[in-house]
Amino acid sequence: MEPFLISRSNPDLSFPRRHELLRKFLDQAGARSFPEALRTTPADNRTLAMIDDRCDPCVKFTDIPESTSFLPMRQWESEEYMRRPPEGIHSQIYGADAETLYQRLTKNRKGVAERRILQIRGFTLEFHLPYYVLRPHETKLQDRRGLRKHRFFRPPTLNDSDCIYEAQLSLVVYGVDDYFWTAYLCEDSYFREQNPVTEYIQDEVDGPSFGHRMCKFPIWDPRYYFLSILSIRMNQVVMEWAVLVETLESHLDKHGEIDEESLAQFLEDEPSLSKTKEYTWILSTLRRLRNSLARLLATWAAFDMNNSVYFNLDADGALYDKFRECFHHIRQSTAELATLQMVLEQRIEMLEKMSGVLVNASSLAESITATRQGDNIRLLTYITIVSSGNTPSHQTHN
């Protein structure tokens, strides 16, 4: 079992001290290592994985100090990669049983298997949580990968410091059985000031659980671990969505609605129609948020319908009680997200009704401006004619 956290801000995959606890457990169980445990029980010679190992002949690794950030570069648009990709060197394609797979995964891959593809027979549990976070806008808080976008809360011309950052959480648990498995949590953290992984390691807490669980109290069952982390992270996503929607609500409540009666006052107060542009911007933002939230809810509904059977929610036992508890919390979170989606729908409906008024206001404002300009030109023409008619004629006397 190797749960760990992948962070955008720290790609170093150094593990916490959890492995010391695992080793201590194995020592108490009478097996100091995985191969030794195999020798004490009947060997499992079944082929568990297909492995494709090979190295890129176009990339040369040299002995470089670990302190440097040098990475070899590939010429992706070259002839070797685009039309005639090289087969590679040290190429090996083979099947592996449990012991072989373990040995291969623990060996140094440098110069042996720089490119590795594993097709493992086993189980996979995964979930992806797209969401948005509201943070103060700072130039340095941008995704250098170019995968995630950020959007201003209001038009940039209004000098608003709030910014909406796109983010995603991905949780994957895979393994051969309940005894040999791995968990991954990939989390966008580019919009954070500090690196959360460093804090998790210092506090000796489980990173994927958002620091809610101590490393000294691990969860050994893969399904329970998956549901536990999903429940915690879903609650985190709900909080981020709630803050974002509440901020939008409070901002829109200050403006109120615009009807036909207040149209004249609106035009008088906003001759440049800056408020119209702001409402149009917010409406576009609300639709984007609504669509993202709808996709998240649809994904969970599909997961709940198609995968809940694998957790035996009708079975008796302490473990299945934990399964039911996690599902209950996750369903509560999705119910809160559905409520937030309804709030966004109501705001979108209100702004869409107002958009007709705003379009009419824009057309009327342009008409008024054109009329005023025509009246000014006409008045200027009259003044010019009158001025010309009143100009005294100068006669020349010989």
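For the reader, a short list of remarks on this structure follows.
- Of all the residues in the stretch 102-152, those that are modelled with pLDDT of 85 or more, within 30 Å of Arg288 (Cβ to Cβ) and outside any strand (DSSP E or B) number 0.
- Per-region count, the stretch 231-281, residues in a helix (DSSP H, G or I), aliphatic (A, V, I, L, M) and at pLDDT below 70: 3
- Any pair with Cβ under 8 angstrom, 6 or more apart, that starts in the stretch 310-339 at a residue that is of a type in the set (D, E, K, R) and ends at one that is surrounded by fewer than 14 Cβ atoms within 10 Å (Cβ to Cβ) and not in a loop (DSSP other than H, G, I, E, B): Arg331/Asp304
- Within the stretch 189-213, if we keep just the residues that are surrounded by fewer than 21 Cβ atoms within 10 Å (Cβ to Cβ) and aliphatic (A, V, I, L, M), the residue that is nearest to His137 (Cα to Cα) turns out to be Ile201.
- Those residues of the stretch 216-230 which are surrounded by fewer than 21 Cβ atoms within 10 Å (Cβ to Cβ) and part of a helix (DSSP H, G or I), in sequence order: Tyr224
- Evaluation of Leu185 against (1) crowded, with 17+ Cβ neighbours inside 10 Å; (2) at pLDDT below 85; (3) of a type outside the set (Gly, Ala, Ser) (one fails), failing number: (2)
The values are calculated or read from the model by the stated rules, or taken from the named source; none is laboratory data. Computed from a prediction, not measured in an experiment: that's the story for all the values here. Glycine also receives a Cβ, built like all others from the backbone with ideal geometry; neighbour counts cover every protein chain displayed.
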